[in-house]
Amino acid sequence: MKKFNRTLVTTALPYANGPVHIGHLAGVYVPADIYVRYLRMKGEDVLLIGGSDEHGVPITIKAQKEGITPQDVVDKYHNIIKDSFEKFGISFDVYSRTSNKVHHETASEFFKTLHEKGEFIEKTSEQYYDAEANQFLADRYITGTCPHCKSEGAYGDQCESCGTSLNATDLIDPRSSITGNKPELKETKHWYLPLDKYEPYLKQWILEEHKEWKPNVYGQCKSWLDNGLHPRAVTRDLNWGVPVPVDGGEGKVLYVWFDAPIGYISATKEHTPDWEKYWKAEDSKMVHFIGKDNIVFHCIIFPSMLKAEGSYILPENVPSNEFLNLEGDKISTSRNWAVWLHEYLEEFPEKQDVLRYVLTANAPETKDNDFTWKDYQARNNNELVAILGNFVNRALVLTHKYFDGKVPAAGELNDFDKETLAEIPTIKAQVEKNLETYHFREALKEAMNLARLGNKYLADTEPWKVIKTDEERVKTIMNICLQISTNLSTLMEPFLPFTVNKLREFLNIEPLAWENIGENVIEVGHQINKASLLFEKIEDATIQAQVDKLLATKAANEAANKPVTPAKENINFDDFMKMDVRVGTITEAEKVAKTKKLLKLTVDTGIDQRTVVSGIAEHYKPEEIIGKQVSILVNLEPKKLKGIESQGMILMAEDADGKLSFVSPDQAVKPGSEIR
Ligand SMILES: [Zn+2]
């Protein structure tokens, strides 16, 4: 195996048009953070690189919709994302952003180098153009039907239903997302990276030399390579992004997927003047943590760019996860179907590790997985509280009870003691093996086995019984329990950094190195502190509140998506003229006794003062509507409702969620005015 002297870990740049959710965390940031914390504990030279991706069309579309600048959009979300990562303990060495100067310079230089080396093809082609908006329609500015899966609403660069990467001209029935118009074709010049040129190299590098990559990553690469690569445009007709820095580039910017991965380089530059050794030295190992939707960009396109530039190393591994769903549905920013990190941090203070634990224990490493609040509760209560928290608590409480919190000396060890202690290095080796091969779920499960071992040891040795007859034996038992607790404070650190800080405070010890796991490092006579609970039980009501929140989101989405009732059959003009609709003014209103929905109204119709019973009591209070002008059908046959004769009908507009509104003239009108 190749020997590396430093590691550069990059994490997919979250897109700055919304906050970060649990899907992002489980797919990328939690596993990357575990990996880097582990390497740091081993004393290795490692950098964790991150930043916000602030270019691209979704940001300009959002800015246009909200009537603010793209910079306003990215400033808002960059700050929310950066702050929530920090509070969640994602231990970035640098968290940068692609709208800053160092990135614009770096991306610009990178493009110029490739241009000077003749690595691009310049090509004039016809692209979709919206004449009314006076703008070319790049990427998400155009939508249409996907030519592969036939689903509607595919974007000009990608279909989100089937994940296929597209060219805008592939779309069936394309529409401008600015005006909804059918776009026209207009000539424009762009720069293309000829990916086909790197195809033989990529085949050798990935398919032959990196068979160890995860099957989902390897498989997707193989499918791309088997289908054949084609030149890909790396510029766009837009004004938000890194300007194309060569002649003829006016009014054009780099394609967001060209500039975003260069963001890893810019961020490293921002962090250290020594950045080049991480990016260019042959003994550096680069690992990209990403979600499955980014595989092609990190395994095919970015490596081709780096190869074309010539002085950079390529990634050693690209551990990509599958998707995490939420309560059985795909997580979606636009449908607000997500658990947002910044909201979680507010609603569950001091519970970062519970979420880190659940997202790792249930990580979508080999297939899409589902996050449910019930599972979150069960893992907290049955695993963190009942296994890890319970063991540590008993070890500490009993030491205080029997030995005033001083670490007792172990006497002679029996076979069971020896077997128990011998398990620790075995568990350590299992955790290491899994972490180094990016199996974080399995690594966490192995680490929890140390807490299970502690519980089993306590249950079998029963110090609370033995203390009555053999205090010396209990000294040995508690010494071993404290050794296990100390080892837990080290072994758990990559996974549960907040919890181990608490545990060290209880044990009154400093952080230890990874290599200390398995050694007896807690000294006899050492005074430990009073302990409190590491984890607390999460009650049903807390979980129900989160489920209710999601149900409310679902109801709101359903109402918003409810189809409009289809049009009725045509009628002739005479039929229409039979209806006598007038403007009336409500002069009196009261609730109809013993009903929930009915109000009894008196309406001045201009013709007369009449009584109308109307089913609007859940939408309007009687006192609010006196004086209100409304539309009333005056020639409807009278009808008795709850013993009151109703003479006519007030016309109401009904919203998708069933909410009723009056249909009123937009200025005062004489009662009796005809509506037609
Ligand atoms: Zn599709």
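Bear in mind these aren't lab numbers, they're just calculated from the coordinates by the rules spelled out. These numbers were taken from a predicted model, which means no experiment stands behind them. In this analysis, Cβ positions are derived from the backbone assuming ideal geometry, glycine residues included, and neighbour counts consider all displayed protein chains.
Of 317, 526, 56, whose Cα points farthest to the positive end of the dipole of the chain (charges on the beta-carbon: +1 Lys, Arg; -1 Asp, Glu; origin at the Cα centre)? Towards the positive end, the residue furthest out is 526. When the Cα positions of 135, 543, 477 are compared along the charge dipole of the chain, 543 comes out farthest toward the positive end, with charges on each C-beta of Lys, Arg, Asp and Glu. To the nearest ten degrees, helix 352-361 and the longest principal axis of the Cα atoms of the chain are 80 degrees apart. For the chain, the calculated P(r) over all alpha carbon pairs, in 10 Å bins from 0 to the bin holding the longest distance, is 3, 12, 19, 18, 15, 12, 10, 7, 3, 1, 0 percent.
Modelled spin labels at residue 161 and residue 397, positioned 7 Å past Cα toward Cβ, are 5.7 nm from each other. Residues 210, 148, arranged from fewest to most other Cβ atoms within 10 angstrom of their Cβ, appear as 148, 210. Working out 0.36 nm times the residue gap between residue 542 and residue 370, then minus their Cα-Cα distance, what length gain in nm do you get to one decimal? Taking residue 542 through residue 370 to full extension adds about 60.0 nm, to one decimal. Remark: segment 554-676 carries a charge dipole of roughly 460 debye about the Cα centre, counting +1 on each Lys and Arg Cβ and -1 on each Asp and Glu Cβ. Projected over every direction and averaged, the convex hull enclosing the alpha-carbon atoms of segment 386-527 yields 7.9 nm². Computed from the Cβ-Cβ distance with R0 of 45 Å, the FRET efficiency linking residue 150 to residue 205 stands at 0.80.
Take the Cβ atoms of residue 181 and residue 621, set R0 to 51 Å, and the FRET efficiency comes out at 0.65. Once the chain from residue 102 to residue 651 is taken as fully extended at 0.36 nm per residue, the excess over their C-alpha distance is 191.5 nm.
For the pair segment 555-606 and segment 353-372, the centres of their Cα atoms are 50 angstrom apart.
In the chain, helices alone account for a calculated mean residue ellipticity at 222 nm of -11500 deg cm²/dmol, with every DSSP H run of four or more residues adding -39,500 (n - 2.57). Packing here is the average count of other Cβ atoms within 10 Å per residue, and on that basis the peptides 377-384, 115-122, 419-426, 493-500, highest first, run 493-500, 377-384, 419-426, 115-122. Across segment 508-576, counting alpha-carbon atoms alone, Rg and Dmax equal 32.1, 102 Å.
Expressed as a fraction of 2.2 N^0.38 Å, the C-alpha radius of gyration for segment 573-674 is 1.04. Extension gain for residue 69 to residue 587 (0.36 nm times residue separation, less C-alpha to C-alpha distance): 181.6 nm.
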